[in-house]
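Remarks on the structure that follows.
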Ligand code: C2G
């Protein structure tokens, strides 16, 4: 079973790790699409602390991850699912319902987020110290 997930994964933390571990447990091959710096800036209004190549290198080194690809726009998901023969699309439940259009192409799973940890909170905590 081939699994696909998307994310920024800036300042990699335990919530990200839990998401990747649970995603991999759904199958035997996990592809992670990582948002490029340009996509984050233009579409999510987000400036990452770590550039794309660092985030991609870190996520690609996690033992649950088999492959890393770039997420460069909102409209690539159907193509990614079809071209990579994906069985399950997975993402955290902060995105609940948002990617249901993929159900036509594969199974769609929203996993519960890890409580109490986020990149934004971490950045704010560091700034306030
Ligand atoms: N996550 C989690 N628990 C947290 C924080 C994040 O389970 N405490 C999950 C998110 O739900 C997501 C993944 O970790 O599935 C990556 O989170 P982000 O880096 O915040 O990714 P995001 O910017 O939401 O990008 O096209 C979809 C997007 O690229 C998703």
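Summary table
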| quantity | calculated |
| --- | --- |
| Residue ID - nearest to the chain's Cα centre (by Cα), chosen from residues in the range 4-51 that are within 14 Å of residue 64 (Cβ to Cβ) and in a strand (DSSP E or B) | 7 |
| Some residue of the range 87-95 being closer than 17 Å to residue 22 by Cβ, within 13 Å of the ligand (Cβ to nearest atom) and in a loop (DSSP other than H, G, I, E, B) | no |
| Subset of the range 60-81 (residues that are within 12 Å of the ligand (Cβ to nearest atom), closer than 20 Å to residue 109 by Cβ and part of a helix (DSSP H, G or I)) | 74, 76, 77, 80 |
| Residue 117 within 9 Å of the ligand (Cβ to nearest atom) and surrounded by fewer than 16 Cβ atoms within 10 Å (Cβ to Cβ) | yes |
| Cβ pairs under 9 Å, 6+ apart, first in the range 63-77 and closer than 13 Å to residue 24 by Cα, second part of a loop (DSSP other than H, G, I, E, B) | 64/25; 66/28; 67/84 |
| Subset of the range 23-45 [over 24 Å from residue 109 (Cβ atoms) and touching a helix residue (DSSP H, G or I) at 6+ places or on another chain (Cβ under 6 Å)] | 36, 37 |
| Selection status of residue 101, closer than 24 Å to residue 42 by Cβ and touching a residue at least 40 places away in the same chain (Cβ under 8 Å) | no |
| Residue selected from the range 101-114 under the condition surrounded by 12 or more Cβ atoms within 10 Å (Cβ to Cβ) and not in a loop (DSSP other than H, G, I, E, B), by the criterion nearest to the ligand (Cβ to nearest atom) | 111 |
| Any chance residue 55 is assigned to a helix (DSSP H, G or I) and surrounded by fewer than 17 Cβ atoms within 10 Å (Cβ to Cβ) | no |
| Residue 124 under 14 Å from the mean Cα position of the chain (by Cα) and either within 11 Å of the ligand (Cβ to nearest atom) or surrounded by fewer than 18 Cβ atoms within 10 Å (Cβ to Cβ) (or both) | no |
| Restricting the range 20-42 to residues that are surrounded by 14 or more Cβ atoms within 10 Å (Cβ to Cβ) and farther than 14 Å from residue 9 by Cβ, the residue that is farthest from the ligand (Cβ to nearest atom) | 29 |
| The range 9-27 residues that are on the phi > 0 side of the Ramachandran plot, paired with ones that are modelled with pLDDT of 95 or more and near the ligand (Cβ under 6 Å from one of its atoms) (beta carbon under 7 Å, 6 or more apart) | 9/16 |
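The values are calculated or read from the model by the stated rules, or taken from the named source; none is laboratory data. The structure displayed is predicted, hence computed values, not measured ones. Ideal geometry is used to build each Cβ from the backbone, glycine not excepted, and the neighbour counts take in all protein chains shown.
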